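J.: A single structure is presented below for examination.
The values are calculated or read from the model by the stated rules, or taken from the named source; none is laboratory data. Bear in mind that the values here come from a model prediction, so they are computed numbers and not experimental data. Glycine gets a Cβ as well: all are built from the backbone with ideal geometry, and neighbour counts include every protein chain shown. Ligands, DNA and RNA are stripped out before the accessible areas are found, and what is left, the full protein with its side chains, is counted by its heavy atoms. Shrake-Rupley method; radii C 1.70, N 1.55, O 1.52, S 1.80 Å.
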Amino acid sequence: MNSIYGPVASWRLGRSLGVDLICSEEKICSFNCLYCQLEKTKKISKQRELFVSVNRLIKELSVALKKTTSDVITLSGTGEPTLAKNLDEVIQMIRELSKLPIAILTNSTLLNDKFVRDSLSKIDIIIAKLDAPNQEIFQTVNRPLKEISFQQTINGIKKMKEEFTGKFALQMMFIKENKDYASDLAELAREINPDEVQINTPLRPCPVQPLSKTELERIEKEFTGLNTLSVYNSTKPKTDPLDKLEIFKRRRLVR
Ligand code: SF4
């Protein structure tokens, strides 16, 4: 598995060149979301570790940047990218190699950690997950590691938003289990005051069914006054990935 993949056609970021800081056949994450396309989390952890060396990332990213054109470099991959202990070093390395904006897709659980926030303050776009308005729905939808609470996670999101000077977006995945809580989530979003709320439902193959376009439109109406982007109403750019098979494998579409 390569640590650099794509560029993938992202409905929220354009042509996104992925940097996988975990790069493991089995996902490593502090959540075990009901809708995860990477299957059940066998290694559920909030322990920060070294997964991929900076030297390896430099080599693979340098090659990828010569061969492709992208709009953004996105820290993401096979699990929660902030679990990578060398996050700060990796960001610095990407800045040296490229002028492209750097984004992260994070599940928000480590935003409570000042070291993580300090590292993320050096990037351009943070897309932070928020699927639940309370502990009960948090447990049902995200199924976190038991030491992680809803309140801690919300506190981390709020601190990150206050300190961050780049674009801060909330990503919300709606499924059957949280669809009736859109109004509470909108209320919470107003408190956080993000630059954008990304309203999503799992359209890629995963263990749960997506909501319909009509259901998502009803949900989006609850977010009046906020800047929203919905998966059904967005367009994806054309991309020319370095290795299409790698993307299919990452999405568990082929083995
Ligand atoms: S946070 Fe992302 S990688 Fe982790 S379980 Fe949820 S969907 Fe999967």
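J.: Out of V52, V90, report the one residue that is at pLDDT 95 or above, within 16 Å of L105 (Cα to Cα) and either assigned to a loop (DSSP other than H, G, I, E, B) or over 13 Å from the mean Cα position of the chain (by Cα) (or both).
T.: Details: V52 fails: within 16 Å of L105 (Cα to Cα).
The unique qualifying residue is V90.
J.: I'm trying to understand the selection: among the residues of the range 69-84, which are assigned to a loop (DSSP other than H, G, I, E, B) and either away from the ligand (no atom under 13 Å from the Cβ) or of a type in the set (G, A, S) (or both)?
T.: T69, S70, D71, G77
J.: I'm trying to understand the selection: among the residues of the range 78-106, which are within 22 Å of L145 (Cα to Cα), surrounded by 19 or more Cβ atoms within 10 Å (Cβ to Cβ) and out of contact with any helix residue (DSSP H, G or I) (no Cβ under 8 Å at 6 or more places or on another chain)?
T.: Hits for the range 78-106 are G79, E80, L83.
J.: To continue, here is another question. Can you say whether S16 is touching a residue at least 60 places away in the same chain (Cβ under 8 Å) and open to solvent by less than 20 Å² (accessible area, probe 1.4 Å), as far as the supplied structure shows? Please lay out each step first, then the result.
T.: Numbers: touching a residue at least 60 places away in the same chain (Cβ under 8 Å): yes; open to solvent by less than 20 Å² (accessible area, probe 1.4 Å): yes.
Yes: the conditions hold for S16.
J.: May I ask you to list pairs of residues, at least six apart or on different chains, whose Cβ atoms are under 8 Å apart, with the first in the range 38-58 being in contact (Cβ under 8 Å) with a residue 12 or more places away in the chain and more than 15 Å from the ligand (Cβ to nearest atom) and the second being part of a helix (DSSP H, G or I) and open to solvent by 80 Å² or more (accessible area, probe 1.4 Å)?
T.: V54/E89
This table checks each residue for (1) over 19 Å from L17 (Cβ atoms); (2) in contact with a helix residue (DSSP H, G or I) (Cβ under 8 Å, 6 or more places away or on another chain).
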{"residue": "S70", "(1), (2)": "no, no"}
{"residue": "S108", "(1), (2)": "yes, yes"}
{"residue": "K114", "(1), (2)": "yes, no"}
{"residue": "S121", "(1), (2)": "yes, yes"}
{"residue": "D124", "(1), (2)": "no, no"}
{"residue": "L145", "(1), (2)": "yes, no"}
{"residue": "E162", "(1), (2)": "yes, no"}
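J.: Regarding the range 134-156, can at least one residue be identified that is of a type in the set (A, V, I, L, M, F, W, C) and closer than 22 Å to A103 by Cβ? It would help to see each step written out before you state the result.
T.: Going residue by residue through the range 134-156, those that are of a type in the set (A, V, I, L, M, F, W, C) are 137-138, 141, 145, 148, 150, 154.
Restricting the remaining residues to those that are closer than 22 Å to A103 by Cβ gives 154.
Yes, there is a match, as at least one residue in the range 134-156 is of a type in the set (A, V, I, L, M, F, W, C) and closer than 22 Å to A103 by Cβ.
J.: Right, S76: touching a strand residue (DSSP E or B) at 6+ places or on another chain (Cβ under 8 Å) and of a type outside the set (V, I, T) or not?
T.: Judged against the criteria, S76 is a match.
J.: Can you give me the number of residues within the range 2-13 that are open to solvent by 10 Å² or more (accessible area, probe 1.4 Å) and among the small types (G, A, S)?
T.: 2
J.: Could you say whether any residue in the range 47-69 is under 22 Å from L229 (Cα atoms) and open to solvent by 30 Å² or more (accessible area, probe 1.4 Å)?
T.: No, every residue in the range 47-69 fails to be under 22 Å from L229 (Cα atoms) and open to solvent by 30 Å² or more (accessible area, probe 1.4 Å).
J.: Okay, next question. Answer with yes or no whether A128 is within 16 Å of the ligand (Cβ to nearest atom) and more than 20 Å from Q47 (Cβ to Cβ).
T.: yes
J.: Select from the range 19-46 the residues that are surrounded by fewer than 21 Cβ atoms within 10 Å (Cβ to Cβ) and assigned to a strand (DSSP E or B) and list them in ascending order.
T.: Of everything in the range 19-46, those that are surrounded by fewer than 21 Cβ atoms within 10 Å (Cβ to Cβ) and assigned to a strand (DSSP E or B) turn out to be K43, I44.
J.: Sticking with this structure for a sec: Do we have any residue at all in the range 237-248 that's touching a helix residue (DSSP H, G or I) at 6+ places or on another chain (Cβ under 6 Å), buried (at least 18 other Cβ atoms within 10 Å of the Cβ) and modelled with pLDDT of 95 or more?
T.: No, that holds for no residue.
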